[in-house]
1. Going residue by residue through segment 206-223, is there one that turns out to be over 24 Å from K284 (Cβ atoms) and in contact with a Phe, Trp or Tyr (Cβ under 7 Å, 6 or more places away or on another chain)?
2. Quick one: which of T79, T99 is of a type in the set (V, I, T) and either more than 30 Å from R253 (Cα to Cα) or touching a Cys at 6+ places or on another chain (Cβ under 6 Å) (or both)?
3. When only residues in segment 183-215 that are more than 28 Å from the chain's Cα centre (by Cα) and closer than 20 Å to N252 by Cα count, which is surrounded by the fewest Cβ atoms within 10 Å (Cβ to Cβ)?
4. Within segment 230-244, track down each residue that is among the β-branched types (V, I, T) and either assigned to a helix (DSSP H, G or I) or within 16 Å of F94 (Cβ to Cβ) (or both).
5. How many of the residues in segment 402-430 are part of a loop (DSSP other than H, G, I, E, B), touching a residue at least 40 places away in the same chain (Cβ under 8 Å) and farther than 23 Å from L372 by Cβ?
6. Under 7 Å by Cβ, and 6 or more places apart or on different chains, what pairs join a residue from segment 214-236 that is on the phi < 0 side of the Ramachandran plot with one that is assigned to a loop (DSSP other than H, G, I, E, B) and of a type in the set (K, R)?
7. Which of the residues that make up segment 81-96 are open to solvent by less than 20 Å² (accessible area, probe 1.4 Å) and of a type in the set (V, I, T)?
8. Could you tell me which residue of segment 143-164 is nearest to S259 (Cα to Cα), considering only residues that are among the small types (G, A, S) and either within 22 Å of the chain's Cα centre (by Cα) or surrounded by fewer than 20 Cβ atoms within 10 Å (Cβ to Cβ) (or both)?
Amino acid sequence: MALTGIQIFKLTPKKNCKKCGSPTCMAFSMKVASGAVTIDKCPEMSDEALAQLSEATAPPMKTIKVGAGDAELTLGGETVLFRHEKTLVSKNLFAVTVTAANADEKLAAIPAVDYERIGERMYVEMVNVKFTGEAPEAYAALAQKAAGLGRTLILECACPDAAKAALAVTKDAKPILNGANPENWEAMNAVATEAGVTLGVTGDTIDALYDTLAALEKAGNKNLVFDCGSVSVKDAFSKAVQLRRAALKDENRTAGYPSIVNLAELAPGDLTLQAALAAVFTLKYGSIIIMEDMTYAQALALYPLRQNIYTDPQKPMKVAPGIYPLNGADENSVCVTTVDFALTYFVVSGELERSGVPCNLLISDAGGMSVLTAWAAGKLSAGTIAKFIAEEGIEDKIKNRTLIIPGKVAILKGELDAKLPDWNVVVGTREAVQIVKFMKDYA
């Protein structure tokens, strides 16, 4: 159960805290209880009290770090079931399965999906290296080959000898060893603990899975994730949802671990079904979603969905201010401007691209608001547009002096004419659907 500020105060030293900035320990305790500051910010805390409070005030779903260096990834750490309740913390990750039979082909294809959307890199973060019964040395060689891609590995292997061989060459990269079950958990726990890596746990039933997690915790290992298994889609969904709810609603910390959903096993050979299920488990608590392949068609559907779900609802999604040339635009192409709200940008840029008319889309900082909201808040005005053009050096980069503004803020034209005397300010359309015809007629 989460501690209140009073309960935390009873365990804190009774002196002012210089490091956390709070005038009294009671103020500090209240900050910890509200989540505004972490308990380790108090320099006067004893190790015993710090250990006790760190455990009690940690999120009900444990935060797990996997990978190393630039490839380090964070799982878990969630405090709510739904984004609108507060925010979701750690986005789900995507992995592609490779085996000894298809390793060269799959490893060559994985880097093909790698692009940027709204300042975030969209790519396959993990590689699932599946053990198919080969000799331990052969599995180790496969794992080492997959590690060369620079992505965090999942070693899908229930054979302790093969797992130990693979970890001998990959443990420094901190992969996940996914292979513990009710029958072999002691041997797999020994292998994972010796290598210092996260251990994946599975079970045919939710009771078997939970009991194995509890046994591993009792043995001292809390660096865990659980695999929803391959019994059926219904069973995997049930495990993902029930354990998540048990952790976050009932504060059952034994259930509070990130999950792996292996769609390559649940829907083998059906990439369309895998994509549909990946969307479901992005919404319903799959921390790592393993697929047979990740194509551009799948990525264009799944990554925006993930980005929408794992974005703070109180912080609008924005694109970076700047010049966005479309349809092969150059310095002689007409300029169009709109706000930095991501939805507006994608709708407007999409329609401009459909028109086929070369143009330079100028995006200024409007606080991530829509056109009318930004105008009402003073974030989109003649002054902000003129300032953006000056600060970005638009006149030095673009020779064309035509600027098309959104029709919904036609009122800005007069003031823009005064602030930008060398420019021909044109009032564009009120609705994005009208852009294609407007641009073709204007051209």
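The values are calculated or read from the model by the stated rules, or taken from the named source; none is laboratory data. Please read all numbers here as calculations on a predicted model, not as lab measurements. Don't worry about glycine lacking a Cβ; one is built from the backbone with ideal geometry, like all the others, and counts go over all protein chains shown. Side chains are part of the model used for accessible areas, which takes the heavy atoms of the whole protein and leaves out ligands, DNA and RNA. Shrake-Rupley method; radii C 1.70, N 1.55, O 1.52, S 1.80 Å.
1. yes
2. Numbers: T79 fails: either more than 30 Å from R253 (Cα to Cα) or touching a Cys at 6+ places or on another chain (Cβ under 6 Å) (or both).
Exactly one residue qualifies, and that residue is T99.
3. Looking only at segment 183-215, we keep the residues that are more than 28 Å from the chain's Cα centre (by Cα), and these are 183-191, 194, 204-205, 207-208, 211-212, 214-215.
Of the ones still in play, those that are also closer than 20 Å to N252 by Cα are 205, 207-208, 211-212, 214-215.
Working: T205: 14, D207: 10, A208: 16, D211: 15, T212: 22, A214: 12, A215: 16.
Checking each candidate, the answer is D207.
4. Step one: of segment 230-244, the residues among the β-branched types (V, I, T) are 231, 233, 241.
Answer for segment 230-244, where residues must be among the β-branched types (V, I, T) and either assigned to a helix (DSSP H, G or I) or within 16 Å of F94 (Cβ to Cβ) (or both): V233, V241.
5. 0
6. From residues that are on the phi < 0 side of the Ramachandran plot, the pairs are K222/K62.
7. V96
8. Restricting attention to segment 143-164, the residues satisfying the condition of being among the small types (G, A, S) are 143, 146-148, 150, 158, 162-163.
Next, from what is left, pick out any that are either within 22 Å of the chain's Cα centre (by Cα) or surrounded by fewer than 20 Cβ atoms within 10 Å (Cβ to Cβ) (or both): 147-148, 150, 158.
Details: A147: 22, G148: 25, G150: 22, A158: 17 Å.
Checked segment 143-164; the qualifying residue nearest to S259 (Cα to Cα) is A158.
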